[in-house]
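Working notes, beginning with the structure itself.
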Amino acid sequence: MIPFFVWNVYSGASIYLHHTHPKTVWYKDEEEWRQVSKAHTSVHAVFPPIVQRLFHFIQEHSIHHLRPGVPLYHLSEAQTQLEEMDNGQMIVYRWSLAYHGNINRRCKLFDFEAKRWMDFDGNYTSPAPKKRAVAPVSDGAAPAGV
């Protein structure tokens with residue numbers, strides 16, 4: 001039961017961390033969402049190498065959004081190449097319990113009109129999104145060798 005419990009907790013936390021961050025923008029309109037690079041609609045939470053290996057590098061999630069067919073054993077290399085190509089536009093951070101708590105505190109509700117996170121009282125807890133130029137990484141592009 002313990003391995004099953006650990007897997008479920010990590011899986012739930014992973015899905016949350018892949019898509020929730022004060023800088024992430026969610027889209028109500030699928031057409032609007034399609035105009036941004038899928039790599040910019042997910043988050044790369046960097047965990048210690050042992051955790052990454054144990055869970056098959058699934059935290060390298062931006063490349064998965066962009067190219068779902070990349071095998072798990074190539075995610076780390078592909079994610080690194082993607083981040084190099086993207087010139088620092090992607091959301092990447094080193095996971096810690098304190099950082100996780102900050103995300104939980106700030107990302108309660110999402111205002112699709114303002115494209116900002118709010119707390120349960122309706123106060124904005126994230127900055128207004130910056131206008132992105134056309135993403136340097138398109139859905140059809142993949143890092144070399146992938």
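Taking the conditions (1) touching an Asp or Glu at 6+ places or on another chain (Cβ under 7 Å); (2) in a helix (DSSP H, G or I) in turn, H44 satisfies each one other than (2). Of the candidates R116, R105, the single residue that is touching a Ser or Thr at 6+ places or on another chain (Cβ under 9 Å), loosely packed, with under 13 Cβ neighbours inside 10 Å and under 16 Å from K23 (Cβ atoms) is R105.
Given the structure, is G145 assigned to a loop (DSSP other than H, G, I, E, B), modelled with pLDDT of 90 or more and farther than 18 Å from V46 by Cβ?
Judged against the criteria, G145 is not a match.
It is to be established whether one or more residues within segment 26-36 are outside any loop (DSSP other than H, G, I, E, B), at pLDDT below 85 and not hydrophobic (A, V, I, L, M, F, W, C). Yes, that holds for at least one residue. Only a single item in (1) over 17 Å from V25 (Cα atoms); (2) touching a Leu at 6+ places or on another chain (Cβ under 8 Å); (3) not charged (D, E, K, R) is not met by Q79, and it is number (2). You will find that of E31, E77, E83, the residue that is over 17 Å from W117 (Cα atoms), in contact with a strand residue (DSSP E or B) (Cβ under 8 Å, 6 or more places away or on another chain) and charged (D, E, K, R) is E83 and no other. With respect to the conditions (1) touching a residue at least 12 places away in the same chain (Cβ under 8 Å); (2) more than 12 Å from the chain's Cα centre (by Cα); (3) within 29 Å of D29 (Cα to Cα), Y73 falls short on a single one, namely (3). Restricting attention to segment 17-47, the residues that are within 18 Å of G101 (Cβ to Cβ) and either charged (D, E, K, R) or free of Cβ contacts under 8 Å to residues at least 60 places away in the same chain (or both) add up to 7. Does I63 fit the bill of being crowded, with 17+ Cβ neighbours inside 10 Å, at pLDDT 90 or above and part of a helix (DSSP H, G or I)? For I63, the condition - crowded, with 17+ Cβ neighbours inside 10 Å, at pLDDT 90 or above and part of a helix (DSSP H, G or I) - is not met. For segment 1-55, the set of residues classified as farther than 19 Å from L75 by Cβ, β-branched (V, I, T) and in contact with a helix residue (DSSP H, G or I) (Cβ under 8 Å, 6 or more places away or on another chain) consists of T20, T24, V25, listed by residue number. All conditions but one from (1) surrounded by fewer than 16 Cβ atoms within 10 Å (Cβ to Cβ); (2) farther than 21 Å from S11 by Cα; (3) touching a residue at least 12 places away in the same chain (Cβ under 8 Å); (4) within 15 Å of the chain's Cα centre (by Cα) apply to G88; the one that does not is (3).
Against the list (1) outside any loop (DSSP other than H, G, I, E, B); (2) at pLDDT 90 or above; (3) more than 26 Å from V9 (Cβ to Cβ), the condition N104 fails is (3).
The values are calculated or read from the model by the stated rules, or taken from the named source; none is laboratory data. Bear in mind that the values here come from a model prediction, so they are computed numbers and not experimental data. Backbone-built Cβ (ideal geometry, glycine too); neighbour counts: all protein chains shown.
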